[in-house]
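The values are calculated or read from the model by the stated rules, or taken from the named source; none is laboratory data. All of these numbers come straight from a predicted model, not from anything done at the bench.
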Amino acid sequence: MEQKEFKICLIGGPKTGKTTFLTEMLNDSSTNQYQPTQGISIKDLVIETNHGVYKLSLWDTGGLYRGLESCYYLNSHAALSFYDGQCHHYDDPFVKEYHRVIENGPIINIISGRSREKFMRSTYSMTRRPTYCYQPKNGLYGAPMVHLMQKLTGHSDLVIH
């Protein structure tokens, strides 16, 4: 029987857009006020697709590295890795820790922030992970989620309704 529930971790440093991405995706709204995530915030999302209904448990992890991340990553199926366009994702401690805990879990990069175009041009070839540019209010959160769901379900023709 096909799995219909997945745990997804949102990982990355502080102020990289994890909570904003999640808020916009769930509420179709955003806020300009920065409120750092303390520890972890877990939200459920039900996605209707051409292959059925799936439930995602989205774990929004705090951006400050405190050593608890490995506990949050346990039993996850994939991660969305957020960058602000100024760091080098190939040397990210959050990604390294995620891969230590979840050996083959797919990770999709999401670039947010002011310098995302420059960042994409200079480092895209350094990663083997799919990378998406995201800026609040541009509505691009759908593209990484479709790609993620295709990876998790094995349905390359999956479409989110």
Scope region 23-64; condition modelled with pLDDT of 70 or more, part of a loop (DSSP other than H, G, I, E, B) and on the phi > 0 side of the Ramachandran plot; matching residues: Gly39
Condition set of a type in the set (A, V, I, L, M, F, W, C) and over 16 Å from Ser112 (Cα atoms), scope region 1-22, selection modelled with the lowest pLDDT: answer is Met1
Please list, ordered by residue number, the helices (runs of 4 or more DSSP H) wholly in region 67-161 having 1 or more residues that are over 18 Å from Gly13 (Cα atoms), over 16 Å from the mean Cα position of the chain (by Cα) and modelled with pLDDT under 70. 116-123
